[in-house]
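Shown next, in structure tokens, is the structure this report addresses.
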Number of protein chains: 4
Amino acid sequence: MECAILIIQCRDQKGIVAAVSQFLYFHNGNVQEVDQYIDNETGDFFMRAKWELESFAIQKDQIERIFAETVGVKFGMNFSLHFTEPKPRMAIFVSKLSHCLFDILSRYYSGQFEVEIPMVISNHDNLRSVVEAFGIPYYHFPITKENKLEQEQKQLELMKEHGVDFVVLARYMQILSPAFIANYKHQIINIHHSFLPAFVGAKPYHAAHKRGVKIIGATGHYVTEELDAGPIIEQDIARVKHHNTVEELVQIGQDVEKVVLSKAIKYHLAKKVMVMGNKTIIFN
Amino acid sequence: MECAILIIQCRDQKGIVAAVSQFLYFHNGNVQEVDQYIDNETGDFFMRAKWELESFAIQKDQIERIFAETVGVKFGMNFSLHFTEPKPRMAIFVSKLSHCLFDILSRYYSGQFEVEIPMVISNHDNLRSVVEAFGIPYYHFPITKENKLEQEQKQLELMKEHGVDFVVLARYMQILSPAFIANYKHQIINIHHSFLPAFVGAKPYHAAHKRGVKIIGATGHYVTEELDAGPIIEQDIARVKHHNTVEELVQIGQDVEKVVLSKAIKYHLAKKVMVMGNKTIIFN
Amino acid sequence: MECAILIIQCRDQKGIVAAVSQFLYFHNGNVQEVDQYIDNETGDFFMRAKWELESFAIQKDQIERIFAETVGVKFGMNFSLHFTEPKPRMAIFVSKLSHCLFDILSRYYSGQFEVEIPMVISNHDNLRSVVEAFGIPYYHFPITKENKLEQEQKQLELMKEHGVDFVVLARYMQILSPAFIANYKHQIINIHHSFLPAFVGAKPYHAAHKRGVKIIGATGHYVTEELDAGPIIEQDIARVKHHNTVEELVQIGQDVEKVVLSKAIKYHLAKKVMVMGNKTIIFN
Amino acid sequence: MECAILIIQCRDQKGIVAAVSQFLYFHNGNVQEVDQYIDNETGDFFMRAKWELESFAIQKDQIERIFAETVGVKFGMNFSLHFTEPKPRMAIFVSKLSHCLFDILSRYYSGQFEVEIPMVISNHDNLRSVVEAFGIPYYHFPITKENKLEQEQKQLELMKEHGVDFVVLARYMQILSPAFIANYKHQIINIHHSFLPAFVGAKPYHAAHKRGVKIIGATGHYVTEELDAGPIIEQDIARVKHHNTVEELVQIGQDVEKVVLSKAIKYHLAKKVMVMGNKTIIFN
């Protein structure tokens, strides 16, 4: 059933929940989910409400305006309105490693993600055949130091052309330029193969092996200009032992990476992630 | 800061959240936490709201009546009202095994539980000295087949006398009579040393060892007349290996038992547990 | 580097480890891994040793005989000898659900499994195209009550023809006949979607939902004649909440299923699983 | 039953396991546990063997000499010999926070640790009564900048006098001097309240809260001169949410701290920890 999702952020004030609830009730909204969070340190208020459109008294294209006029303005709200249809459109970026990509494709195939995947973009060509077996177009953009910005520009054009809403870096081994990131603020999800903030940067499994840690991890986060420092969406870990080689850490870690990335995607798709400074609120 | 906690259960209807929010807003309640859940299978609605009393416009002893008249009756609500002060009063029942008891005492000492502990009751006398070192009275009620109901009656009298609100069975190796249980419906928390419904009844670690499971667990649940079948509040597990003896399973399991039991107590204390049939809703 | 793996089972006696170590040392074996386990309840001894063949003084086809004559007979050992080359040959059985199959294919693609996959067998045809994109033959054997034993016979013939060593039931929704199982004793790995022994049989997620458990799980085990009662190889769990529907339990559980099944396959491939009665020893 | 434990470290060479096994077998040792590890990067060999003394043909006070002469010298081994009796003697250092201390006392009481605890040392006096209820002497050493080295000297004297073998810092909020550490090399176990190497130093829960991580952790490690950088023995984590305050992180983390610390103590007591450079091998 088609639903609307309202995401609200404003200064905490008395009566917000009452006002939003009243708005939805008054217009006959059948509320499915509602969550709120008050950050006592900053005094910020966050809310997410999801309701069914079928019985709702306001037409889809009028909701934003009417909510703004009757509720939003009064409380000085930043809010955004989303609908579960049409489905969001996700571009997947990948290099040579296949585990995260195949895991996403598997979930897409079984209907676990409410998403369209108009493209897989890679700087290598090796994963084309499997991607195409899932019915998804595969675009090969070789990257060199020289052509990087130019290729990014072409990627962006392709993404605009196909209406891409957000990007998943499924172990894409290229650092995106600030200009690219600026086009998709808080809409690029990366999987980093360590429990951040430990082992920022390249070769975290090597660093973990060298330090002799007993747990390794993975972190799904939004990409910002500073490497591996964006808002964390999801993390998880796995136990390792002294006899595990770096190669074994890589294998053990891949299982964590793919589960963490898929959870981050799922939260993002459901509009359950709100960014507050450099942190996330997950309404899950 | 003293707070009120309102627990609501009724048939799902449009406008409930709006009405409750409006009630709290209208009377100047500073809301700290609010959660709701609709069970789509049964059509039942559950809600928990916590707000500060200081600024609230209704006097403490009038809230229940006024809420009933202005909101409760309209929606046919079952509701209960609680206050964070005075603290709930908890009786701990224990046999010979000390790990859960000492863990609770440790949390009590550090102020992790908002609770009074007017008594520890045991069918053995061995744990008296440590309990008394924490400043808590220790009552020894030896139990035999013959005197069991009689002793239960004395325990109940002692509990009433000291205003006990709820009971924690911290590995109490006696099965309580239905009459005892009826006095504290959904107010007796037991820790069972398996991940229920696996290994109901006595000696679950022996049964787990015999079956060759790779995980063992523990379950915190409300006690009902049927053994180990009451509503589950919390569960967790630990990994075990083929070389672990039953004695090692017992040791490994004790760490799970005490953490699970303490979480169940914490949820119960905060009125975050609602019972729906034989299941629980945990507003956590 | 090609290795030999020796798996030993016998009555516990003094001097076994010394004798085996001496054998490997005397013939210049470069030992990579050696594990042993004594079951003190039964007095049984279990051992696994892996060493490099390159420098070993005995020819590959003579090791079994010479070990038997010089060590095995003396201690009354049951033992089996394996080599890392050629790779074991695994048949995958699947019905309509794709998540375990795709996860296995993904690991196969990235070289995580040291295995050949000569066939995927299914009672449905829907997963053919993806399987074939991975270069693996797909065989469709529709199953009815009437043709089941006949189809099993054809499957067995196909498996023999292609030298299948062991079978993985990747959510294959058919119960295999005792005759089929007898052909591959302790060589058929099933994934059951609960933490056994809880929720044996059909629809475990429905049963878990009804009981109101806070954790769900999955169990990888060898198939025996009794349903879901064979030796457990691996188990894991995931946390769930009161608001999770059965459909959500299914999705959450699938992530556990595929990781558990892949670990069971990995242990089996490395000959790290030994069966003792209805339990397993995992030399991991 | 009294056992001997042999800990061996040397260059990897063929025949080590055979020689040690032969030694134990020849002298009629009933082997309980034997583990070995070869570090392929460094070419180092590590081994731990535990056997019963009762039937052993060599007298307790002759084992070290005879092993050295017949095996140790041949392979250039560094080795140490330990006995399960008398029990190791552990000093506990604590400041004001009680959770780790009480957890250790609880395990001590139930016989989970094979250890003597001749003293608890604290820079505060608040935990005296509970410690003494467990029958353990409590020593109060107030620490100031000025008297620190002097007090450490007195602590060392007290420890020597009571034959302390190793030290557990159960949330002791003082940094030990290099001189103190040198007296107990790899014999001082600290619990750090983060998953190292993330959040080294003071106030890790504050840092974790600020970074917005979704998991927090704890690390048990040997103390070396560099703060929080010693060999890691054990780690674990817990999940946290955006709404958790720093105070809640502290509470959630305490459960992890105490379990991790107790595991580190257990491994250390059983001589299952070997230090290799700045890493540990855990024969568990």
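The values are calculated or read from the model by the stated rules, or taken from the named source; none is laboratory data. All values derive from a computational prediction rather than experimental measurement. Here Cβ is always computed from backbone atoms with ideal geometry, including for glycine, and neighbour counts include all displayed protein chains. Side chains included, ligands, DNA and RNA excluded: accessible areas come from the protein's heavy atoms. Shrake-Rupley method; radii C 1.70, N 1.55, O 1.52, S 1.80 Å.
In Å², what does the accessible area per residue of region A:89-282 work out to with a 1.4 Å probe?
I get 37 Å² per residue for this part.
One decimal, nm, shortest first: give the distances between the label point of A:LYS14 and those of the same position in the other copies, each label point 7 Å from Cα along Cα→Cβ.
Computed spacing set for this position: 2.9, 8.5, 8.6 nm.
Lysines near A:LYS60 by alpha-carbon distance under 19 Å, same-chain residues fewer than 8 away left out - which ones?
A:LYS50, A:LYS87, A:LYS271
At a 10 angstrom cut-off on C-beta neighbours, averaged per residue, how do the peptides B:17-23, D:3-9, B:149-155 rank from highest to lowest?
With the highest mean Cβ count within 10 Å placed first, the list reads B:17-23, D:3-9, B:149-155.
Compute accessible area for region C:34-60 by itself and then with all protein chains, 1.4 Å probe, and report residues whose area falls by 20 Å² or more.
SASA drop of 20 Å² or more in region C:34-60: C:VAL34, C:GLN36, C:TYR37, C:ILE38, C:GLU41.
Mind ordering D:253-266, A:59-72 by average Cβ neighbours within 10 Å, highest first?
D:253-266, A:59-72
Counting every Cα pair in region A:89-282, what percent are over 27 Å apart?
26 percent
Please compute how much accessible surface disappears when A pairs with B, both sides summed, using a 1.4 Å probe, and round it to the nearest 100 Å².
When A and B are taken together, about 1300 Å² of accessible area is lost.
Taking K and R as +1 and D and E as -1, what net charge do the other residues with C-beta under 11 Å from the C-beta of B:ARG48 add up to?
Spelling it out: positives minus negatives among the neighbours equals +1.
Can you list the residues, at least 5 places off or on another chain, whose amide H is less than 5 Å from the amide H of B:LEU127, using H built in the peptide plane?
Long-range HN contacts for B:LEU127: none found.
Applying the Karplus parametrisation 6.51 cos²θ - 1.76 cosθ + 1.60 with θ = phi - 60° to the phi angles of region C:123-136, what ³J(HN,Hα) value in whole Hz is obtained for each residue in order, glycine and proline being reported as x?
For region C:123-136, the Karplus-derived couplings read 8, 10, 10, 6, 9, 4, 5, 5, 4, 5, 5, 8, x, 10 Hz, x marking Gly and Pro.
Given C:GLN155, C:HIS206, C:PHE102, which one lies farthest toward the positive end of the charge dipole of region C:101-212, if we put +1 on the Cβ of every Lys and Arg and -1 on the Cβ of every Asp and Glu?
C:HIS206
Roll a 1.4 Å probe over the protein chains and send me the accessible area per residue for region A:3-83 in Å².
47 Å²
Given charges of +1 on the Cβ of Lys and Arg and -1 on the Cβ of Asp and Glu, with all other atoms neutral, how large is the dipole of chain C about its Cα centre, in debye to the nearest 20?
660 debye
Based on the Cβ-Cβ distance from C:LYS74 to A:GLU150, what FRET efficiency comes out when R0 is 60 Å, to the nearest 0.05?
The value I calculate is 0.25.
Set the Förster radius R0 to 41 Å, insert the Cβ-Cβ distance between A:HIS162 and C:ILE252 as r into 1/(1 + (r/R0)^6), and round the FRET efficiency to 0.05.
Efficiency for this residue pair is about 0.85.
Ignoring ligands, DNA and RNA, what percent of the 1.4 Å accessible area of the protein assembly as shown is carbon and sulfur?
Carbon and sulfur atoms account for 51 percent of the accessible area of the protein assembly as shown.
Net charge around B:GLN22, counting only other residues with Cβ within less than 12 Å of its Cβ (Lys, Arg = +1; Asp, Glu = -1)?
Counting the neighbours of B:GLN22, the net charge comes to +2.
From the label point of D:THR245, set 7 Å along Cα to the beta carbon, how far off in nm is each other copy's matching point, shortest first?
Counterpart label points of D:THR245 in the remaining copies fall at 3.7, 4.7, 5.1 nm.
Taking the axis about which chain B rotates onto chain C, which residue of B lies nearest it as judged by Cβ position, and how many whole Å separate them?
B:ALA198, 2
Which parts of region D:210-239, residue by residue, lose 30 Å² or more of accessible area when the rest of the protein chains are there, as against the chain isolated (1.4 Å probe)?
D:ARG211, D:GLY212, D:LYS214, D:ILE215, D:ILE232, D:GLN235, D:ILE237, D:ARG239
Could you run the Karplus curve 6.51 cos²θ - 1.76 cosθ + 1.60 with θ = phi - 60° over region D:112-120 and give me ³J(HN,Hα) per residue in whole Hz, x for Gly and Pro?
Per-residue couplings from phi come out as 6, 9, 8, 8, 9, 10, x, 6, 10 Hz.
Note down the Stokes-Einstein diffusion coefficient of region B:3-83 in µm²/s, whole number, using a Kirkwood radius over alpha carbon pairs, 20 °C, and 1.002 mPa s.
169 µm²/s
Inter-copy label distances at C:ALA202, 7 Å along the Cα→beta-carbon direction, one decimal in nm, shortest first?
Inter-copy label distances (nm, one decimal, shortest first): 3.7, 5.7, 6.5.
Treat each spin label as a single point 7 Å out from the Cα along the C-beta direction, and report the C:ILE66 to B:GLU41 distance in nm.
According to this spin-label approximation, the distance is 6.4 nm.
Once you list every other residue whose beta carbon is under 14 Å from the beta carbon of C:LEU81, what net charge do they have if Lys and Arg are +1 and Asp and Glu are -1?
Around C:LEU81, the surrounding residues sum to 0.
Could you work out the mean projected area of the convex hull around the alpha carbons of region A:1-142, in square nanometres to one decimal?
Over every viewing direction, the Cα hull of region A:1-142 projects on average to 11.3 nm².
With +1 on each Lys and Arg Cβ and -1 on each Asp and Glu Cβ, and nothing else charged, work out how big the dipole of region B:3-83 is about its Cα centre, in Debye to the nearest 20.
That gives a dipole near 200 debye.
What are the semi-axes of the equivalent ellipsoid for region D:131-190, taken as the square roots of 5 times the Cα gyration tensor eigenvalues, largest first, in whole Å?
One finds semi-axes of 18, 15, 12 Å for region D:131-190.
Pick from B:HIS209, B:HIS27, B:HIS124: which is most flexible by mean-square fluctuation in a GNM of chain B where alpha carbon atoms under 10 Å apart are linked?
Top of the fluctuation ranking is B:HIS27.
Over the Cα atoms of the protein assembly as shown, each weighted equally, I'd like the Debye log10 I(q)/I(0) at q = 0.06 Å⁻¹, rounded to two decimals.
-0.54
Setting aside same-chain residues fewer than 8 positions from A:LYS258, which aspartates and glutamates have a Cα under 15 Å from its Cα?
Candidates past the 8-residue exclusion: A:ASP103, A:GLU234, A:ASP236, C:ASP103, C:ASP255, C:GLU257.
Springs between alpha-carbon pairs under 10 angstrom, Gaussian network model over chain B: which of B:LYS96, B:LYS160, B:LYS14 fluctuates most?
Comparing B:LYS96, B:LYS160, B:LYS14 in a Gaussian network model of chain B, the most mobile one is B:LYS14.
Taking 0.36 nm per residue of separation and subtracting the Cα-Cα distance, what length does fully extending B:HIS206 through B:LEU227 add?
5.8 nm
Please express the shape of region A:57-201 as an equivalent ellipsoid: the semi-axes are the square roots of 5 times the eigenvalues of the C-alpha gyration tensor, given largest first in whole angstrom.
32, 19, 16
Quick one: if the Förster radius is 25 Å, what FRET efficiency do D:ALA133 and B:HIS140 give, using the C-beta to C-beta distance and rounding to 0.05?
Rounded to the nearest 0.05, the efficiency is 0.90.
Peptide B:194-205: average number of partner chain Cβ atoms within 10 Å per residue?
What the average comes to for B:194-205 is 3.
With a point put 7 Å past each Cα toward its Cβ, work out how far D:LYS241 is from C:GLN174 in nm, to one decimal.
So the two model labels end up 4.5 nm from each other.
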